[in-house]
Structure formats: structure tokens, C-alpha cells
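The values are calculated or read from the model by the stated rules, or taken from the named source; none is laboratory data. Note that this is a predicted model, so its numbers are computed, not measured. Methodologically, a virtual Cβ is constructed for each residue, glycine included, from the backbone with ideal geometry; neighbour enumeration extends over all protein chains shown.
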Number of protein chains: 2
Amino acid sequence: MATHELFHTIYQLSRELTKQTNQTLQSFGLYSAQWAVLFVLKEKGSMPQSDLCEYLAVEAPPMTRTIQRLMKQDYVQQKPGADKRVKMIELTEKAKKAYPEWEQAVLSMNERLLAGVPDEQRMVMKTMLASWLVTLKGVSHE
Amino acid sequence: MATHELFHTIYQLSRELTKQTNQTLQSFGLYSAQWAVLFVLKEKGSMPQSDLCEYLAVEAPPMTRTIQRLMKQDYVQQKPGADKRVKMIELTEKAKKAYPEWEQAVLSMNERLLAGVPDEQRMVMKTMLASWLVTLKGVSHE
DNA sequence: TCCTATTAGTTACTTAGGTAACTATTCTAT
DNA sequence: ATAGAATAGTTACCTAAGTAACTAATAGGA
């Protein structure tokens, strides 16, 4: 098969989805990378910065930057952990209050972007891509 | 469905594929964005810079940068078009000579990364993602 | 014809992620 | 108990894409 096309399509999709997410979040003064962090913190609660990296599969430096910006906006705060190296990250009250509005905007955007795709296809894509990603990470990890 | 997961997976996949591509091209002194341009020029021949943008769905500024770097490496040259605004871009002899080696490296990488995925699934993914991308672009275009 | 709108490309600045090199802790093995 | 390895996080610098604002050239309409 022409593997080029598959790779190219995934790349294009990723960029388009990020662009749309940024547009959606623009009115809240947020960007996609920040949203990803806020989403995880909402789901999982307080956690070390390194866990955020692992969860989002992002290296430490970009995470440092994203968190510093979220702190500047008072959406996130850090508390020293028992281990003096780690910084525990958690949502502020301000963020918790604003969160539902953000979530609603993102969810309705997701629905709009997937409007033409039947639920079955969404599931198939999600399953195939996720399992491929797992093997992909596994291969390069060995 | 949990649309978050699908979007997240696509984003992760895109980043992993780009990273692997960069690693593969590293020994040739090339990066993924440059390779994309070289690939299109090889397939389509000489074309205006704006056509390259359209083909790769990239805005003009990043394309300017990528091409300037490719010119510095003597892999690409620009010739003025009949319209004095346009710059026609084409591969140099040096690039044409080196191309097969690059292509071979990328193709074998693609096969390696897709090793665990049966051909049927590759086709299904490609088809679904491509058609989704088209509708996605169409929606935001209107 | 000439004035306006459009198009091609560049420059400046932004978000976003990556690697390398570094500091400061903590863990481990002798 | 301590020296060396591993871990958490930061800083500096890289590729990469985006928008806004700009220049230069072309196209189109009054």
C-alpha cells in the first residue's frame, strides 16, 4: 500500500484538529496544549508534573512551559511534594469554576468536527489507531 | 463516544511518526518538513511555491523557510516564472542523485512502523481518515 | 487608462514539541 | 556511610506551523 498517504493524512488531520481546537479556545485565552493539561488535571486530580508528561506523552521542557503559563493565568498551582524534587500540580478554584464552560465548548466542537462520521466509524478508527500507537511505542521502546 | 480519545490518539500518532521520520532522515541531514517538499517535487516536478503550499496544506511562511534551507543545502533551486511574482521550485541534480537513497530509507521505515498492521487495516484507516479530512476541510471552508 | 482588489512571497512574532546540558534531590550498592 | 546512578525539573537552542503585516506584481472594472 502507499504508506505515504496514510502518514500524510494523519499529519494533516492532527494539524487541522489542533487548529480548530485553538480557534475554539481562543475566546477563553487558552491554547490546545494548555487545554490538554487542564483536562487531565480535571480527570485525575492533583499529580506530579512528571506524571502529566507521561500521561500526555510530552517531554519535560514543553510541560514546564505550559504549566508556567497556566500558573501565570492562575488556572493551576504547584505544591511541593514529599519528595523535594517533585512539584504537585493542581487546578485552582478559578479554573474549576471556568472548566464546565471550556469543556462544553470543546465537546460541541468535537461533535461538529465529527458530524459526518457515523459512530461505528469513529469507534473503528479509534480502536485501530490506538492499537497501532501502542505497538508503535512498543517497537521503538525495545 | 469519547471523542477526546480519538483526537488525542491522532495527535500522539502524528508526533510519533514525525519523530521517527526525523530520526530516519537524520543521517542525511534532512528533516521531515524538508522531505515532504522533496517528495512532492520528485512526484510532480517543477512547480510554483504556492502550489507546494497548497499540496502540503501549509501556509506560505513555513514553506518559505523550508525552501530557503533546501536551497542552502543545494537540494532545490528556484527560477523566476513568467509571472514575476512566482518562484518556480525544482530539484537540483544533487537532490535527484541522492533521492533514491532517501526514499529507500523512508519506505523501509514506513514498513517497519506498520509491521504489526495488516494491509486491510491500513487501507481501512487510510480511507476513513482521508474522507474525514475532506469533510473537515469542507466544513470549515464554507 | 488608471485605481482597486487580488495574489505570491517574505518578515516578525507566536505556540508547540524535541534534544542536550545542567542543578538539585533521592536511591542504590558497596 | 558514602560514592555513583537515577530522577524531577529547568534552561538554552533547535525544527515546525500559525497569524498579522508588509512588499511587489498582476488582474479586473469603472
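Pairs linking a residue in segment A:2-16 that is in a helix (DSSP H, G or I) to a residue that is of a type in the set (D, E, K, R) and within 13 Å of DNA strand D (Cβ to nearest atom), with Cβ atoms under 8 Å and 6 or more positions apart or on different chains, are A:Ser14/B:Arg15; A:Glu16/B:Lys137.
Pick from B:Arg122, B:Arg112: which is at the interface with chain A (Cβ under 9 Å from one of its Cβ atoms), more than 16 Å from DNA strand C (Cβ to nearest atom) and farther than 30 Å from A:Leu113 by Cβ?
Sole residue among the options that is at the interface with chain A (Cβ under 9 Å from one of its Cβ atoms), more than 16 Å from DNA strand C (Cβ to nearest atom) and farther than 30 Å from A:Leu113 by Cβ: B:Arg112.
Per the conditions (1) free of Cβ contacts under 8 Å to residues at least 60 places away in the same chain; (2) within 14 Å of chain B (Cβ to nearest Cβ), the sole criterion not satisfied by A:Gln78 is (2). Within the option set A:Leu13, A:Leu6, A:Leu52, A:Leu38, being under 30 Å from A:Met128 (Cβ atoms), in contact with a Leu (Cβ under 8 Å, 6 or more places away or on another chain), near DNA strand D (Cβ under 8 Å from one of its atoms) and at pLDDT 95 or above holds for one residue only, A:Leu52.
Looking for something at negative phi and of a type in the set (Gly, Ala, Ser) - is there at least one such residue anywhere in segment B:54-62? Yes, the conditions are met somewhere in segment B:54-62.
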